[in-house]
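The values are calculated or read from the model by the stated rules, or taken from the named source; none is laboratory data. The model shown is predicted, which means the values in this text are computed figures rather than measured ones. All Cβ positions, even for glycine, are placed from backbone atoms using ideal geometry, and neighbour counts span all protein chains on display.
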Amino acid sequence: MFSRERLDSKLFRIVPMEENDYESVAEIFEQGIRGGNATYDLGASDWAIWDDKHLKHSRLVVKLTETNAVVGWLALSGVSSRAVFAGVAELSIYVHQDFVGKGLGDALLIHGIASSEDHGVWTLQSGIFPENVGSVRLHEKHGFRMVGYRERLGQMQSGEWRDIVLLERRSTRVGI
């Protein structure tokens, strides 16, 4: 069992994601899939598909200062092609299993919210499995509120139906 002690902020940095970070990003995503409470996805896509699916801004990674290893990431996806929803984005955040509970999610979310607002995003939303209590609490800590609960929204490959908690955060900076 690893320590849940917060990692000193001098030991990591948050930087924009680059294409060469994607192998680590995909592995962290795969850990989330194996954990069973992170996503409906069955596997990580290749870079081109991932790149096309996510907004070009507010793509962040956490890198360890000493080794430059990627241990977490955050990215946004648009929710609609309609112009009226240009400021609404779906947030994805994942932390390497060995670094959960060390404050990296906090740091990523702080930077991700600021970046999203710098780019005119007025609403961030997330759909989270209710069993993923840590993720729900992290989002709530950073101003997300529950706006809905969808029962049996998606069916896993095993046949199990899963519910989703819908959370959103309205910007206090972007003019709404």
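What the table shows:
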quantity	calculated
Meets criteria (surrounded by fewer than 19 Cβ atoms within 10 Å (Cβ to Cβ), closer than 25 Å to ARG34 by Cβ and either in contact with a strand residue (DSSP E or B) (Cβ under 9 Å, 6 or more places away or on another chain) or at pLDDT 95 or above (or both)) for LEU167	no
Verdict on LYS56 being out of contact with any helix residue (DSSP H, G or I) (no Cβ under 6 Å at 6 or more places or on another chain) and part of a loop (DSSP other than H, G, I, E, B)	yes
Matching residues, the stretch 133-152, being farther than 15 Å from GLY101 by Cα and either loosely packed, with under 14 Cβ neighbours inside 10 Å or not aliphatic (A, V, I, L, M) (or both)	GLU140, HIS142, GLY143, PHE144, ARG145, VAL147, GLY148, TYR149, ARG150, GLU151, ARG152
Residue within the stretch 153-163 that is in contact (Cβ under 8 Å) with a residue 12 or more places away in the chain, surrounded by fewer than 14 Cβ atoms within 10 Å (Cβ to Cβ) and not in a strand (DSSP E or B) present	yes
Number of positions in the stretch 69-116 that are hydroxyl-bearing (Ser, Thr, Tyr) and surrounded by fewer than 14 Cβ atoms within 10 Å (Cβ to Cβ)	3
Single residue of VAL61, VAL121 found to be touching a helix residue (DSSP H, G or I) at 6+ places or on another chain (Cβ under 9 Å), more than 22 Å from ILE164 (Cα to Cα) and in a strand (DSSP E or B)	VAL61
